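Structure first, then comments.
The values are calculated or read from the model by the stated rules, or taken from the named source; none is laboratory data. Just so it is clear, the structure is predicted and the values come from calculations on it, not from any experiment. Glycine gets a Cβ as well: all are built from the backbone with ideal geometry, and neighbour counts include every protein chain shown.
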Amino acid sequence: MNKGGRPANPTPFWNPVRKIWQVRITERKGEASKAHDLPGIPYDREDAAKIVARDMNRALGRGEGVAPDAGETVTTYAGRWLKARAGKIASTPDNKAHLNGHILPVIGAYGMADVTAKHIEGVGDTF
């Protein structure tokens, strides 16, 4: 239940300089809101940015996780994983296309340690 003045579904915004979606969320009562990056979400996928922002806000409100920019995100892990496979595994281009087209727009901004089965199931719900 939101007892403060902040909306339950914070609005993500596109940072044109950094070319990344961001959202302002107050993490603890009495602290100023902080802009959190939502990496891996393309400019034309505002719907995915809204889903990630809403889920992040709810998780932080329940004390269930950290901001996605604190630690390795799914996007940064996926980049390392793809780099390690490059030139060794024939399906790497297909893997990259699937990640960029379906997975990273939905859960790319989450910290690796914070991804749950529900997040994974949500990937299919958005397409």
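Of note:
- Within the range 93-127, the set of residues being within 15 Å of Glu72 (Cβ to Cβ) and of a type in the set (Ser, Thr, Tyr) comprises just one member, Tyr110.
- Residue match in the range 71-90 (condition: among the basic types (Lys, Arg), part of a loop (DSSP other than H, G, I, E, B) and modelled with pLDDT of 80 or more): yes
- Looking only at the range 40-55, and only at residues there that are hydrophobic (A, V, I, L, M, F, W, C) and outside any loop (DSSP other than H, G, I, E, B), the one that is surrounded by the fewest Cβ atoms within 10 Å (Cβ to Cβ): Ile51
- Any chance Ala97 is modelled with pLDDT of 80 or more, more than 12 Å from the chain's Cα centre (by Cα), exposed (fewer than 13 other Cβ atoms within 10 Å of the Cβ) and in a helix (DSSP H, G or I): yes
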